[in-house]
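Just below is one structure, and these are the notes that go with it.
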Amino acid sequence: MGVVATAAQSIVDSTGRGDGFPGLMATAFFLVGSLTALSVGPHVDRFGVRRTAIVAGSLTAGVGFPLLALGHPMALFAGSAATGAAFSVMLPATNAILRLALPPDRLVLGVCLKQAAIPLSLLLAGEVVSLLHLGLRETFLAADAMAVVVLAAFVWATRDARVPRRAAQELPSASERGAWRYGVATLLASLTAGALIGYASITLRATGMAEALVAHVLVVGNLAGISTRVLSGFAAQHFRLTSWWPVALMMLSGAIGTLALCSSVPAVAGVGALIAFALGWGWSGLTFALVLATSRHRPGSSGALLQAGGMLGTAVGPLVMLAASHSVGMAAGWALMAGALAGAGWLVMPTTRDRLLAP
């Protein structure tokens, strides 16, 4: 998706399908990914998490990127859907491998670092495309070559890994059954993430902020979100945090920043965007890590629930903002996003019912 975002104008020019076509590609990626995680995810542990990751990587390298490289509108749409489907199960499968490979006192940090690598790779992909000035076909062929290299490295690095498959009759623990609660929270919180991707720039420009300053705010905001994932992992490991309070506080603080985007004052909206990116998007590392840490029997399935919610929210968020901007106004859309993020924070708040979710 980092490549698609950077090459959006090239995609529009080559397909002639209008400015909205890259957005449709992104919607296909996240929506198909969400449906795949919801339908295939429950079977990840039974099939084997390493085998799932290899199949997903093969789908990306053998189907997704080659389709994108064809450049035809239908191929671009299908390639986006294929890569979204692959990513949706690859992430929880590889997280589950970390769950089985890392000692418990290193798991949270390991997952947070891995989650931070995802947005970082998106930024780097965009920068590489901009620097090399590759054509659309060459860009996706280069991405495909990189996917093949990464897949081969993964297969080699995990060749001796002892990753057991789970028996079909093995029942999930109470904490794993409670993962649905966190899946819903992830869906609500990811609405804001999707809205920030599509509408933060437009909103800041509408306040009168200079285009160059808007670009700086977005770059700093993305880096802050990445840093939050890493720092929350270090803090959780150092202080041995196992509570959901840090996640809840990040979501609630992010909701305040998102609400500030309703303002027409450039400074207020700019600071709000930074808080929204840093805290309203930086919660994902610790969220995945905490769910994974309590998923003893089905780490892949539990992670897939979060992945389904996250990808669905990211797909729907921009659509909600689009509808709001054409009906009740952009400010009302951001207020709605802030409410969804605050609702997610409320859902993950530790309560007395969490005794039922103890592993």
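Based on this model, can you work out whether SER58 counts as surrounded by fewer than 22 Cβ atoms within 10 Å (Cβ to Cβ), of a type outside the set (A, V, I, L, M, F, W, C) and in contact with a Leu (Cβ under 9 Å, 6 or more places away or on another chain)?
Yes; evaluated as a whole, the condition is true for this residue.
Would you tally the residues in the range 235-268 being touching a residue at least 24 places away in the same chain (Cβ under 8 Å) and more than 19 Å from CYS112 (Cβ to Cβ)?
11
Could you list, in sequence order, the residues of the range 145-161 that are assigned to a helix (DSSP H, G or I) and either more than 30 Å from LEU102 (Cβ to Cβ) or among the small types (Gly, Ala, Ser) (or both)?
Residues satisfying the conditions are ALA145, ALA147, ALA152, ALA153, ALA157.
Does PHE87 count as farther than 28 Å from ALA293 by Cα, crowded, with 20+ Cβ neighbours inside 10 Å and at pLDDT 90 or above?
So PHE87 does not fit the description; no.
Among the residues of the range 124-140, count how many are modelled with pLDDT under 75 and closer than 30 Å to LEU231 by Cα.
7
I need every pair where a residue in the range 323-342 that is more than 18 Å from THR207 (Cα to Cα) has its Cβ under 6 Å from the Cβ of a residue that is small (Gly, Ala, Ser), sequence separation at least 6 or different chains.
Filtered contacts from the range 323-342: MET337/ALA195; ALA338/ALA255; LEU341/ALA189; LEU341/GLY254; LEU341/ALA255; LEU341/GLY280; ALA342/ALA255.
Out of the residues in the range 231-245 that are at negative phi and in a loop (DSSP other than H, G, I, E, B), which is farthest from the chain's Cα centre (by Cα)?
So the residue we want is PHE239.
Could you name every one of the helices (runs of 4 or more DSSP H) located completely within the range 259-359 that has at least 2 residues being closer than 30 Å to ALA53 by Cα, modelled with pLDDT under 90 and in contact with a helix residue (DSSP H, G or I) (Cβ under 8 Å, 6 or more places away or on another chain)?
Filter on the range 259-359 gives 284-293, 299-327.
Select from the range 213-230 the residues that are over 19 Å from the mean Cα position of the chain (by Cα) and modelled with pLDDT of 85 or more and list them in ascending order.
LEU213, VAL214, HIS216, VAL217
The values are calculated or read from the model by the stated rules, or taken from the named source; none is laboratory data. Note that the structure is a prediction, hence the values are computed from the model and not measured. Here the Cβ is made from the backbone with ideal geometry for all residues, glycine too, and neighbour counts use every protein chain on show.
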